[in-house]
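Asker: Pasting a structure here, questions to come.
The values are calculated or read from the model by the stated rules, or taken from the named source; none is laboratory data. Since the model is a prediction, treat every value here as computed from it, not as a measurement. In this analysis, Cβ positions are derived from the backbone assuming ideal geometry, glycine residues included, and neighbour counts consider all displayed protein chains. Keep in mind that these areas ignore ligands, DNA and RNA; they rest on the heavy atoms of the full protein, side chains included. Shrake-Rupley method; radii C 1.70, N 1.55, O 1.52, S 1.80 Å.
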Amino acid sequence: MNEYARRTRAALPAVGVALAAGVAGVAGSYAVAGSTTGYVVAPVESALSQAMPGAVVTFAITTLGSLGQQVSLLTATLLVVGVVAALALGGLLVAGRTPPLVGALAAGVVVGAGAVLVTGAPLASLGAAVPVAVVLGAVDLYARYGRGGQQRPTGRTAGTSGVDPDRRGALAALAAAFAFGALGVTLGSRFGGVDGAGGGAAGPSEPAGSADTETLLAQASERSLDVEGLEPLVSDSFYNVDINAVDPTIDADTWTLTFTGNVAEEVSYDYDDLRAMDSSPEFVTLRCVGEGLNGKKMDNALWETVPVAPLLDEVGVGDENCCVMARAEDGFYEEFPLSALRNARIAYAMNSESLPRSHGAPARLLVPGHWGEINVKWLTELEILEEEATGYWEERGWHGTGPVNTVAKLHVTNHDDDGSIEVAGHAYAGTRGISKVEVSTDGGGSWSEARLSEELPGEDVWRQWAYRYDPPDGDHEVVVRAYDGEGTMQPEKREQSFPSGPSGWVTKTVSP
Ligand SMILES: Nc1nc2c(c(=O)[nH]1)N[C@H]1C(S)=C(S)[C@@H](COP(=O)(O)O)O[C@H]1N2
Ligand SMILES: [Mo]
């Protein structure tokens, strides 16, 4: 074995210990902070995805879907483990030249300070620092006094590490770190969240439902078509699209929404102000511009809403303004025309519960008829502008601030015992509404009208469609197309989602 190989081998246990400390530190942070921005990985993931070139993000969204976010979270996790491990290795080197535990403590302090810098969450940062100090401290003591109680000489020249853990010690540290990691994940997902409200809703827990709300929800379930496997008119599970893997946690008691920019006077409203305003339950459907043509990022809910228009009057917004930049706690920002804001709502409850954290607690914007992206969650600021500006997704090449495209989706194909087939889905055209859905079972040669769910009240609500037919022999092409409330047919021409949203007719090959 040459000298280089010998040195590398001698250093291996130290690297193992450092990695163990890295895993333990990250796990400890998660154990304390849970899935909040206090978790050291969260801000790193956020910075990563914000620094990512638009083309990469678009590729991830349109081909990987939400998997892209898992990849980005994994990358950030490995990165942070690596950085903590490097700091721990530094601690091991220092330990060889200092009295017992000094190197371990130093590494813990540096990791803790770094975590505070990155997260701004002191308590959760202790969660990262303490395990690192403990792992290194244990190894330090073992290396000095273990193996028959003999103190080992310090300042050795062999290897690259100061304190020279043997292979057994390193393996034990790794095993302990992974055990600790598993414990951290369990703790973090159950109880984590010391620096915020944790995984739960950030809003007050009392349900926001009124008699009105219950009536409307009952109406939605009555009007939902009785087709097996078809999502009801109020979605069972509402999709999520977020720029960060970890959502912000906002305390409703300290939340404010501020009107800034070209206003007569800057005005802030807090959560109590919002709750004291006249509100009403409203059905509003959202659809993401980045979804596939027959994708599942389109859902409907009943929101408790406050209109924005009276606030614009109160604040004093003159006609010289064109636009608004809506900003959010997670660093997201979108710009769109003032005319759309005049018809927007602020929502603080969803399906008779306070707004869930993942949907923007304590308050989000709803802009009827527009692509999901300008329905800004965790809303904190509305900046009134005299000149156009560029939003987060538009900086990355998307054109998603306008009205939605018309679509009829085909999500259900049921074969019945009598040999007939029922196809079904949802149709949506924003504020234009849906007047008709047509189905072809011969690849577009002939068309029949589908039955539609009875309309729900509201200016921006989807409908369901269903169509039963006796299939021909063999595979056949089912095609579906919607007409909006103005009688305009959904365009046939296929467009991918980037940059202006998917378009075209949904087709599916069905076997009898
Ligand atoms: N603050 C903030 N608001 C946001 C987003 C975001 O990442 N951050 N995503 C937008 C996008 S692209 C869509 S499609 C909708 C999705 O809303 P949902 O997650 O409640 O379904 O929120 C929009 N509002
Ligand atoms: Mo979106």
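Asker: Could you work out the helix-only [θ] at 222 nm for the chain, with each DSSP H run of four or more residues adding -39,500 (n - 2.57) and the total divided by the number of residues, to the nearest 500 deg cm²/dmol?
Answerer: That calculation yields -11500 deg cm²/dmol at 222 nm.
Asker: If the chain between residue 171 and residue 509 were fully stretched, how many nm would it gain, using 0.36 nm times the residue separation less the Cα-Cα distance?
Answerer: Computed gain between residue 171 and residue 509 is 116.2 nm.
Asker: No other cysteine beta carbon under 4.7 Å away is the test; run it over the chain and list who passes.
Answerer: So, 288.
Asker: Right, next: By how many degrees, 0 to 90 and rounded to 10, does the Cα axis of helix 67-95 deviate from the longest principal axis of the chain?
Answerer: Between the helix axis and the principal axis of the chain, the angle is about 10 degrees.
Asker: Among 134-145, 488-499, how do they line up from the highest to the lowest mean number of other beta-carbon atoms within 10 Å?
Answerer: Packing order, densest peptide first, comes out as 134-145, 488-499.
Asker: Mind listing the long-range amide H neighbours of residue 296? Cut-off is under 5 Å, sequence gap 5 or more, other chains count too, H placed in the peptide plane at 1.01 Å from N.
Answerer: Counting only residues 5 or more places away or on other chains, the set is empty.
Asker: In whole percent, and with a 1.4 Å probe on the protein chains, what portion of the accessible area of the chain is carbon and sulfur?
Answerer: Carbon-and-sulfur percentage of accessible area, whole number: 55.
Asker: Could you point to the residue in 172, 506, 452 farthest towards the positive end of the chain's charge dipole, with +1 and -1 charges on the Cβ of Lys/Arg and Asp/Glu respectively?
Answerer: Ranked along the dipole, the leading option is 172.
Asker: List the residues of the stretch 362-391 whose backbone N lies under 15 Å from a point placed 7 Å from the Cα of residue 320 along the Cα-to-Cβ direction.
Answerer: Of the residues in the stretch 362-391, 384-388 have backbone N under 15 Å from the label point off residue 320.
Asker: Still on this structure: Near the amide H of residue 305, under 5 Å away, which other amide H atoms are found, from residues 5 or more places off or on another chain, if H is placed in the peptide plane?
Answerer: 280, 282
Asker: On a 23 Å Cα-Cα criterion, which of the cross-link pairs 297/377; 436/508; 377/508; 377/409 come out too long?
Answerer: Check vs 23 Å cut-off fails for 377/508; 377/409.
Asker: Using only alpha carbon pairs under 8 Å that are at least six residues apart, calculate the relative contact order of the chain and give it in whole percent.
Answerer: Computed over the chain, the figure is 14 percent.
Asker: Same structure, new question: For a distance above 21 Å, tell me the whole-number percent of Cα pairs in the stretch 3-190 that qualify.
Answerer: Roughly 51 percent, rounded to a whole number.
Asker: Continuing with this model, one more query. Run the numbers on the stretch 407-510 and let me know its relative contact order in percent, using alpha-carbon pairs under 8 Å that are six or more apart.
Answerer: Details: 245 pairs, mean separation 31.0, N = 104.
Rounded, it is 30 percent for the stretch 407-510.
Asker: Could you calculate the FRET efficiency of residue 313 with residue 221 from 1/(1 + (r/R0)^6), where r is the beta carbon distance between them and R0 is 41 Å, rounded to 0.05?
Answerer: Numbers: r = 37 Å, r/R0 = 0.90.
With R0 = 41 Å, the Cβ-Cβ based efficiency is 0.65.
Asker: Cα axis of helix 167-191 to longest principal axis of the chain: angle in degrees, 0 to 90, nearest 10?
Answerer: 30
Asker: Taking a spot 7 Å from the Cα of residue 413 along the direction of its beta carbon, which residues of the stretch 450-476 have an amide N less than 11 Å from it?
Answerer: 475-476
Asker: Let me ask you something else. Let me know the shape class of the stretch 407-510, please: from the alpha-carbon gyration tensor, a ≥ b ≥ c as square roots of the eigenvalues, rounded when a/c is under 1.5, otherwise prolate if a/b is greater than b/c, or oblate.
Answerer: oblate
Asker: Sticking with this structure for a sec: Between residue 97 and residue 442, 0.36 nm times their residue separation minus their Cα-Cα distance comes to what?
Answerer: Numbers: separation 345, 0.36 × 345 = 124.20 nm, distance 8.09 nm.
Length difference between fully extended and current span is 116.1 nm.
Asker: Can I ask one more? Given the Cα-Cα distance of residue 4 and residue 486 and 0.36 nm per residue of separation, how much length would full extension add, in nm?
Answerer: Stretched out fully, the residue 4 to residue 486 stretch lengthens by 165.8 nm.
Asker: Any idea of the accessible area per residue across the chain, 1.4 Å probe, to the nearest Å²? Mind dumping the intermediate values first?
Answerer: Values: 22320 Å² over 512 residues.
The answer is 44 Å² per residue.
Asker: Let me ask something additional. Distance between Cα centroids, the stretch 298-364 to the stretch 1-73: provide it in whole Å.
Answerer: A separation of 35 Å, based on Cα centres.
Asker: With label points built 7 Å along Cα→Cβ from the Cα atoms of residue 70 and residue 500, find their separation and express it in nm.
Answerer: About 3.4 nm separates the two model spin labels.
Asker: Next question. Taking the 0 to 90 degree range and rounding to the nearest ten, how far is the long axis of helix 102-119 tilted relative to the main principal axis of the chain, both from C-alpha atoms?
Answerer: 20
Asker: Using amide H atoms built in the peptide plane, which far-off residues or other-chain residues are under 5 Å from residue 380 H to H?
Answerer: 327, 328, 329
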